[in-house]
Amino acid sequence: MDLGIAGKRAAVAAASSGLGLASAAALAAEGAQVAICGRDEARLAAAAVTVGHGCIPIVADVGTADGATAFIEAATDALGAIDILVPNGGGPPSGNFETTPVDRYPVALDANLLAIVAMCKAAVPSMRERGWGRVVAITSLSVRQPMANLILSNTARAGVTAFLKTLALEVATDGVTVNTVQPGLHRTPRVEQLYGGAAPDGMRLGDAADFGAVVAFLCSEQARFTTGVQLHVDGGTYAGLL
């Protein structure tokens with residue numbers, strides 16, 4: 001299937017590995033011009049080679065609102081404009097209510113909520129002006145089903161989901177769609193760090209490339225009438241009806 005995004009310009013945050021890298025690769029394979037970011041220059045350069053198709057690596061830290069804005073500005077300069085935005089970022093440290101001090105929350109909110117707000121503030125207005133745009137944020141299944149020992153991630157990602165749903169409603173008539181994709185567990189360095197590469201009881205490990213394909217589809221022409229959706233891609237882990 002031709003997704004109709006050849007020549008579109010995409011900025012994918014935190015894409016030197018994991019689900020960000022898989023999403024960037026899927027978009028590039030569909031003919032999009034892709035810019036990615038990461039903090040480590042060597043890893044980022046290697047990721048750009050993996051993505052191929054002229055992928056542009058930009059050294060940036062999207063763990064803060066200022067860093068996220070700087071990435072979008074650099075990607076806009078490199079690409080000429082941004083048609084597709086994939087907000088993404090590393091998860092905060094693990095911990096539960098008892099072990100997580102209050103001063104850890106602002107840091108997590110900056111990285112996993114305010115940074116995504118900042119990326120959208122920097123990229124979405126020009127999408128609206130051109131009458132075409134896609135925002136597909138990578139969040140977490142924990143928005144639907146909070147995960148044990150990840151209280152910071154559960155809290156921040158729930159907040160950003162509410163922001164993105166509100167944004168979707170505001171720009172729905174402007175040719176811009178805003179969706180979130182909520183991964184369960186996929187084979188990524190983050191999962192290796194948290195779980196040692198083995199899925200906890202009741203969960204399955206997915207392939208990052210399959211996840212990237214879902215992100216690419218939500219950026220497609222065929223998905224033009226799909227917005228405000230929170231899509232869980234989790235191999236059936238989520239057990240709720242709603």
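What follows draws every value from the coordinates through simple rules; no lab data is involved. Predicted, not measured: the structure shown is a model, and the values here were computed from it. We place every Cβ from the backbone using ideal geometry, glycine too, and count neighbours over all the protein chains shown.
The set of residues in region 114-134 being surrounded by 22 or more Cβ atoms within 10 Å (Cβ to Cβ) and either in contact with a Gly (Cβ under 8 Å, 6 or more places away or on another chain) or in a helix (DSSP H, G or I) (or both) consists of ALA115, ILE116, ALA118, MET119, CYS120, ALA123, MET127, GLY133.
In region 46-64, which residues are part of a helix (DSSP H, G or I) and surrounded by fewer than 19 Cβ atoms within 10 Å (Cβ to Cβ)?
Applying the first criterion (part of a helix (DSSP H, G or I)) to region 46-64 yields 46-51.
Residues satisfying the conditions are ALA46, VAL49, THR50.
Being out of contact with any Leu (no Cβ under 9 Å at 6 or more places or on another chain), of a type outside the set (Lys, Arg) and either in a strand (DSSP E or B) or buried (at least 19 other Cβ atoms within 10 Å of the Cβ) (or both) is the requirement here; does ILE36 meet it? So ILE36 does not fit the description; no.
Suppose we filter region 76-91 for residues that are within 17 Å of TRP132 (Cβ to Cβ), hydrophobic (A, V, I, L, M, F, W, C) and assigned to a helix (DSSP H, G or I); how many remain? Let's see the steps before the verdict.
First, the residues of region 76-91 that are within 17 Å of TRP132 (Cβ to Cβ): 76, 79-86.
Those left that are additionally hydrophobic (A, V, I, L, M, F, W, C): 79, 81-82, 84-86.
Among the residues that remain, those that are also assigned to a helix (DSSP H, G or I) are: 79.
Final tally of qualifying residues: 1.
Taking each residue of region 207-225 that is polar (S, T, N, Q) and looking for partners that are surrounded by fewer than 18 Cβ atoms within 10 Å (Cβ to Cβ) with beta-carbon atoms closer than 6 Å, six or more apart or interchain, yields SER220/GLY4.
The single condition among (1) out of contact with any Leu (no Cβ under 7 Å at 6 or more places or on another chain); (2) within 19 Å of PHE71 (Cα to Cα); (3) outside any helix (DSSP H, G or I) that ARG43 does not satisfy is (3).
Taking region 151-181 as the range and being closer than 19 Å to ALA108 by Cα and out of contact with any strand residue (DSSP E or B) (no Cβ under 8 Å at 6 or more places or on another chain) as the test, the residues that pass are SER153, ASN154, THR155, ALA156, ARG157, ALA158, GLY159, ALA162, PHE163.
Taken over region 225-241, the criterion of being of a type in the set (Phe, Trp, Tyr) and more than 15 Å from MET147 (Cβ to Cβ) is satisfied by PHE225 alone.
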